[in-house]
1. So the check is Cβ under 7 Å with 6+ separation or different chains; which pairs have a first residue in the stretch 22-44 that's of a type in the set (D, E, K, R) and a second one that's open to solvent by 70 Å² or more (accessible area, probe 1.4 Å)?
2. Do the conditions hold for Asn148, that is, is it farther than 30 Å from Ser108 by Cα and within 17 Å of the chain's Cα centre (by Cα)?
3. Inside the stretch 232-334, counting only strands (runs of 3 or more DSSP E) that do not spill past its ends, which hold 2 or more residues that are free of Cβ contacts under 8 Å to residues at least 12 places away in the same chain, closer than 30 Å to Lys142 by Cα and open to solvent by 60 Å² or more (accessible area, probe 1.4 Å)?
4. Cβ-Cβ under 6 Å, sequence separation 6+ or interchain: first residue in the stretch 1-17 and farther than 17 Å from Val39 by Cα, partner surrounded by 10 or more Cβ atoms within 10 Å (Cβ to Cβ) and hydroxyl-bearing (Ser, Thr, Tyr). Which pairs?
5. If you check Lys101 against the conditions, is it over 30 Å from Leu195 (Cα atoms) and either out of contact with any Leu (no Cβ under 6 Å at 6 or more places or on another chain) or in contact (Cβ under 8 Å) with a residue 12 or more places away in the chain (or both)?
6. Those residues that are over 12 Å from His311 (Cα atoms) and modelled with pLDDT under 90, I need them from the stretch 267-299; list them, please.
7. All but one of (1) over 21 Å from Ser88 (Cα atoms); (2) among the polar types (S, T, N, Q); (3) open to solvent by 80 Å² or more (accessible area, probe 1.4 Å); (4) touching a strand residue (DSSP E or B) at 6+ places or on another chain (Cβ under 8 Å) hold for Gln18, so report the exception by its number.
8. When you scan the stretch 157-179, how many residues do you find that are assigned to a strand (DSSP E or B) and open to solvent by 60 Å² or more (accessible area, probe 1.4 Å)?
Amino acid sequence: PNGENEHYVQASVYAEQQEVMNVEGNYQELDGGSIDATVLMTEFPVKLFNGFLSTDGTVGLDGRFAGEVHVDGPVSDFQLNGEILSDSLQIFSLLYGVNLKVENKSLSIENSKLKLNDLKMYSISETPLVVGGDLDLRDFSKIKLDMNFKAKDFEIINARQTREAVVYGSVFTDLDATLKGTTDFLIMRGNLKILDKTNMTYVMKDSPLTVEDRLSGLVEFMDFTDTIKVQKDELMPLSGVFVGMNIEVDESAKLHVSLSEDNNSYFNCRGGGSLSMRYFPNGEINLLGRFTMSEGEMKYALPFIPLKTFHLEGDNNYIAFIGDPANPTLHITA
């Protein structure tokens with residue numbers, strides 16, 4: 001306590017027996033409570049946030065934060081002002097071969113808005129992915145994002161083949177996209193171009209190709225019992241992520257798919273096309289467009305046919321997507 005209606009506030013956060021964050025200030029009880037405090041970060045390890053992320057290797061963080069942030073105002077609507085400095089910050093994905101290094105830069109926080117100020121992220125190449133916009137931190141339960149991403153000739157993937165990798169090789173892109181909304185519901189829109197220098201392999205791990213059972217569903221039993229009471233589905237609040245991207249693949253890009261983890265069955269091709277992809281909050285993906293292949297080969301064991309290699313012939317081989325990406329129209333001569 002500090003007098004009749006005021007209290008001293010002090011807290012410390014330790015990681016590996018070292019203090020990485022300190023909070024000092026005062027708390028007023030009147031009018032619902034207000035706070036006036038300073039948060040000081042010294043080599044705060046961002047890997048602590050990995051505990052809140054998926055453990056399957058989809059995404060991970062490394063590096064440190066430093067800086068000083070002032071917290072002031074009512075507890076229900078306090079303001080943040082100050083700056084934080086990223087130090088050797090990395091965003092990586094073991095599954096998808098992504099390893100982005102964030103530039104060491106001071107980012108300002110003004111009236112609870114974190115200004116990204118064209119923050120640059122680098123992969124192997126010297127050309128950066130530039131992130132602009134801001135994050136509104138006034139409500140930590142529903143952080144608002146207004147961000148944009150721009151890149152030219154950016155090597156977003158550069159990775160060798162590993163046991164856990166789903167994607168490896170190199171992927172060069174041009175990107176112009178926006179990300180807006182709250183942490184409850186985000187909307188991403190933009191244009192993605194896969195450049196001719198791309199040479200990428202995708203490994204099918206969980207969904208191996210199998211011989212189709214054409215007899216399933218031939219006979220089905222239905223219950224035609226009359227029901228008077230009809231249960232209405234409750235409308236759930238909209239949440240998740242919506243993605244709308246226009247994807248253009250250069251005709252000289254090389255794409256490979258390992259149909260088995262030992263790579264004995266595979267499909268390789270050189271080709272490109274224009275696609276429109278929509279990802280909905282319920283997990284449904286809609287894909288429209290045509291992917292044309294100029295050359296390629298496939299090695300796979302078909303029913304009653306042992307492992308054979310098929311070579312594409314002609315210049316009119318394509319895959320046309322009309323909605324469900326798992327049910328395209330194929331036009332292939334091999």
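1. Glu24/Gln10; Asp36/Asp72; Glu43/Arg64
2. no
3. Hits in the stretch 232-334: none.
4. Partner pairs satisfying both residue conditions: Asn2/Tyr8.
5. no
6. Answer for the stretch 267-299, where residues must be over 12 Å from His311 (Cα atoms) and modelled with pLDDT under 90: Pro281, Asn282, Gly283.
7. Only one criterion in (1) over 21 Å from Ser88 (Cα atoms); (2) among the polar types (S, T, N, Q); (3) open to solvent by 80 Å² or more (accessible area, probe 1.4 Å); (4) touching a strand residue (DSSP E or B) at 6+ places or on another chain (Cβ under 8 Å) is unmet by Gln18, namely (1).
8. Final tally of qualifying residues: 2.
The values are calculated or read from the model by the stated rules, or taken from the named source; none is laboratory data. Please read all numbers here as calculations on a predicted model, not as lab measurements. Neighbour counts run over all protein chains shown; Cβ positions are idealised from the backbone, glycine included. Remember, those area values only see protein heavy atoms, side chains included, never the ligands or the DNA or RNA. Shrake-Rupley method; radii C 1.70, N 1.55, O 1.52, S 1.80 Å.
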